[in-house]
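The values are calculated or read from the model by the stated rules, or taken from the named source; none is laboratory data. On a predicted model such as this, the values are computed, not experimentally measured, just so you know. Neighbour counts are summed over all protein chains in view; Cβ atoms, including those assigned to glycine, are modelled from backbone coordinates with ideal geometry. Ligands, DNA and RNA are excluded from the accessible area calculation, which covers all protein heavy atoms including side chains. Shrake-Rupley method; radii C 1.70, N 1.55, O 1.52, S 1.80 Å.
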Amino acid sequence: MIEAPVDYKRLEARRRTFDDLEARLVRLAADLPARQVHEPLHKMRYAISLARLTHVRNLDGQDVDTTGLLHLHASQLRTQLLPRMRDAETFWDAVHDVEQISRDSRRTRESILQHLPIDRASLEREITTKKLIIASGGGGGAGYGYPGVYDMVDRIGLQPSLLVGTSIGALMSMFRARASHFDLSSLLAAARALSWSKVFRMLQAESRYGLPATLRLFLRNALGSLFIEDGRQLRLNETAIPLYVVASGLTVDALKHDLNYYEHFADDMLGRRGKFAMARNIMKATAIIREFLTRPETLRRVVLGRAEGTESFDVLDAAGFSAAIPGVIHYDVIRDDPRMTALLDRLYASYGITRLGEGGLTSNVPAKVGWESAVSGELDGHRNAFVLALDCFAPSRSRIAWLPFQQAVRQANVAYDMKYADLYLPLTKTLSPLNLVPQVEQCMQAIRWGRAAIKPHLDFLQVMMEPIDVLRDHNP
C-alpha cells in the first residue's frame, strides 16, 4: 500500500486514457480475422499496458513510481494510437506501425529495469495480467438479476478479485463473496426461506446509528444462519472474495426534519394499492431522496471494509446499513454488541456523521470505488484491473413512474461513476424495485434476465481478462 495520500486525479489523468484505448482496440479487433490480429493485438496491448503503469510493487513489497520514465512512451503512444482507433480501417494503419511500437516498448522496459528497483517478474505481472472487479449498484428488487451476471462470469472461468456493492448490490455481492466459485443454491435457499414478515417489521424501536423509518430491516433474523463463521457472524475481512460495501454517512446538516418525521414518513404509503397509488408512493419516496441528493456536501461516502477501522465490520450489518433508504427502511445495531458499537462509534467520530444509511446517496453504482481500490494497490499491489459495473436502476422508459427517480440518481452520482467502468452494464429487464422479497420463481426469472444481459459482452470480457503475451526481448 502507498502510505501517502493517494492522488486519484493524477492517476486518473494518466491511466484512464489507456484503459479506454485498450477497450477500443479489443472491440475493433473482435470483428477482424483472429489469425491476422492476434500478434499485433497483443503487442499493442502490451505497449498500452506499459504506458498505463503508475506504480509497480516489487518483490520486496515496495511500490515504485514509474511515471517519470514512462512519460515519453505514454505521450508517443497517445499520438500514435488514439487517432487510429476509430474504425477497422484505421486499426490496420496502427498494425503497420506495430513493430516500431514494440521497439519503443522494449527500450522503455529496459530503461525501467535498469534505473528502478523493479524486478522483471513483477513488471511483467503488472503489465500482462488483470484483476476483475465487479461493482453492483442499488435499485431495490431490480437487483435480483445480478446473480445471473455473476453466474455467467463464473461459467467462463473468471473470478472477481474484488466485489463492491451498494444497497441491493451489497446484498447480492455478499452471497457472491462467500465462496471462490459462485453457487446459486445458497441464494435460492435463502429466497425459499424468506418472507416479508421475516425481513421487515413495523414497530417502534430504538434508533442509535441508523435513520429512523417506517420499515425495520431485520437481516440477521432473516439471513444470519447463512453467514456464520466459527460460530459468529461473518466479517468483511473474512469473505472468500474481498468485499467492500458502500454506505452514506449523514451529517447533522443533512437532516432537514426531526427524527420523528423520518420514522413515520412512509406510514401512509404501505396501505396504498393500485397503479395510481404506486405512482404517488414513488413520487413521495423520490422527494425525500432528492432532499439528500441536492445537498451532497452534507453527505459522506463511507466504504465499509476499506475505510480504516471497518475491515472487521459484520457483513450483514454492512449490507443492512447500505440498503437503509431514508424514511422508508431503517437498519440499526441496537443489540448488545460491544465490538460493533465501538467500531461504529469510532467511525462516526472520524467521519463527523450522525447517521449511516443508503449507499446510493453517494455512489449508487460504485465503479469509482472499485477503480480507486485497484490503482491504490489494495489488490495485493496489483493495479491493472477491469471494472465491470452493473446498474439495475438505469433510467428506463419502460417503467415511466420510476423515471424521475432514476434520472435524479443518475445525475447525482451515477453519471460520474460510470467513467470509471471498463464495461458498464445496465439491466433493462428487471423485477420491480418494490419487489424486495420476491418468490423463488421471480428470482429465477430475474436471474435469467441477468444472464441474457451479460451474454453479448462475455467475449469482450474474456479477451480483456486473458493474459497479454509477454513482449519478446527482440524479434525472432
Checklist outcome for this item: Given (1) in contact with a Leu (Cβ under 8 Å, 6 or more places away or on another chain); (2) without any contact (Cβ under 8 Å) to a residue 12 or more places away in the chain, W92 misses just (1)
Next on the checklist: If a residue must be touching a helix residue (DSSP H, G or I) at 6+ places or on another chain (Cβ under 6 Å) and within 13 Å of T129 (Cα to Cα), how many such residues does the stretch 367-388 contain?
Outcome noted: 4
Checklist entry - Can you spot a residue in the stretch 122-136 that is in a loop (DSSP other than H, G, I, E, B), over 30 Å from F182 (Cα atoms) and not small (G, A, S)? => result no
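For every residue, the table says whether it meets (1) modelled with pLDDT of 90 or more; (2) part of a helix (DSSP H, G or I); (3) of a type in the set (S, T, Y); (4) open to solvent by 50 Å² or more (accessible area, probe 1.4 Å).
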{"residue": "R45", "(1), (2), (3), (4)": "yes, yes, no, no"}
{"residue": "I48", "(1), (2), (3), (4)": "yes, yes, no, no"}
{"residue": "V56", "(1), (2), (3), (4)": "yes, no, no, no"}
{"residue": "G61", "(1), (2), (3), (4)": "yes, no, no, no"}
{"residue": "L72", "(1), (2), (3), (4)": "yes, yes, no, yes"}
{"residue": "Q76", "(1), (2), (3), (4)": "yes, yes, no, yes"}
{"residue": "P83", "(1), (2), (3), (4)": "no, yes, no, yes"}
{"residue": "T90", "(1), (2), (3), (4)": "no, yes, yes, no"}
Checklist entry - Quick check: anything in the stretch 458-474 in a strand (DSSP E or B) and over 30 Å from Q62 (Cβ atoms)? => result no
Checklist entry - Does L113 count as free of Cβ contacts under 8 Å to residues at least 24 places away in the same chain and either outside any helix (DSSP H, G or I) or among the hydrophobic types (A, V, I, L, M, F, W, C) (or both)? => result yes
Next on the checklist: Any residue in the stretch 158-179 that is aromatic (F, W, Y) sitting within a Cβ distance under 8 Å of a residue that is in a helix (DSSP H, G or I) and at pLDDT 95 or above? List the pairs, counting only those 6 or more apart or interchain.
Outcome noted: F175/P147
Checklist outcome for this item: Of (1) modelled with pLDDT under 95; (2) in a loop (DSSP other than H, G, I, E, B); (3) under 15 Å from G140 (Cβ atoms), T430 satisfies every one except (1)
Checklist outcome for this item: With criteria (1) β-branched (V, I, T); (2) open to solvent by less than 60 Å² (accessible area, probe 1.4 Å); (3) more than 25 Å from the chain's Cα centre (by Cα), T251 comes up short on (3)
Checklist outcome for this item: When the stretch 212-232 is checked residue by residue, the ones that are surrounded by 15 or more Cβ atoms within 10 Å (Cβ to Cβ) and not small (G, A, S) are P212, T214, L215, R216, L217, F218, L219, R220, L223, L226, F227
Checklist entry - Taking the condition of a type outside the set (K, R) and at pLDDT below 95, does V463 pass? => result no
Checklist outcome for this item: Across the stretch 141-157, the tally of residues that are under 17 Å from E466 (Cα atoms) and either part of a strand (DSSP E or B) or under 16 Å from the mean Cα position of the chain (by Cα) (or both) stands at 1
Next on the checklist: Just to be sure before I move on: is L403 in contact with a helix residue (DSSP H, G or I) (Cβ under 7 Å, 6 or more places away or on another chain), without any contact (Cβ under 8 Å) to a residue 12 or more places away in the chain and assigned to a helix (DSSP H, G or I) in the structure I sent?
Outcome noted: yes
Next on the checklist: Let me confirm something: among A367, A452, which residue is touching a residue at least 12 places away in the same chain (Cβ under 8 Å), open to solvent by 50 Å² or more (accessible area, probe 1.4 Å) and of a type in the set (A, V, I, L, M, F, W, C)?
Outcome noted: A452
Item to check | Matching residues in the stretch 377-410 - criterion: being within 15 Å of the chain's Cα centre (by Cα) and open to solvent by less than 10 Å² (accessible area, probe 1.4 Å) | outcome: F386, V387, L388, A389, L390, D391, C392
Checklist entry - out of contact with any strand residue (DSSP E or B) (no Cβ under 9 Å at 6 or more places or on another chain), in contact (Cβ under 8 Å) with a residue 12 or more places away in the chain and either crowded, with 20+ Cβ neighbours inside 10 Å or closer than 16 Å to D317 by Cβ (or both) - does that describe any residue in the stretch 196-211? => result yes
Checklist entry - So which of S312, S322 ends up being in contact with a strand residue (DSSP E or B) (Cβ under 6 Å, 6 or more places away or on another chain), of a type outside the set (A, V, I, L, M, F, W, C), in contact (Cβ under 8 Å) with a residue 60 or more places away in the chain and open to solvent by 20 Å² or more (accessible area, probe 1.4 Å)? => result S312
Next on the checklist: Condition first: part of a loop (DSSP other than H, G, I, E, B) and among the β-branched types (V, I, T). Can you find one or more residues in the stretch 232-246 that meet it?
Outcome noted: yes
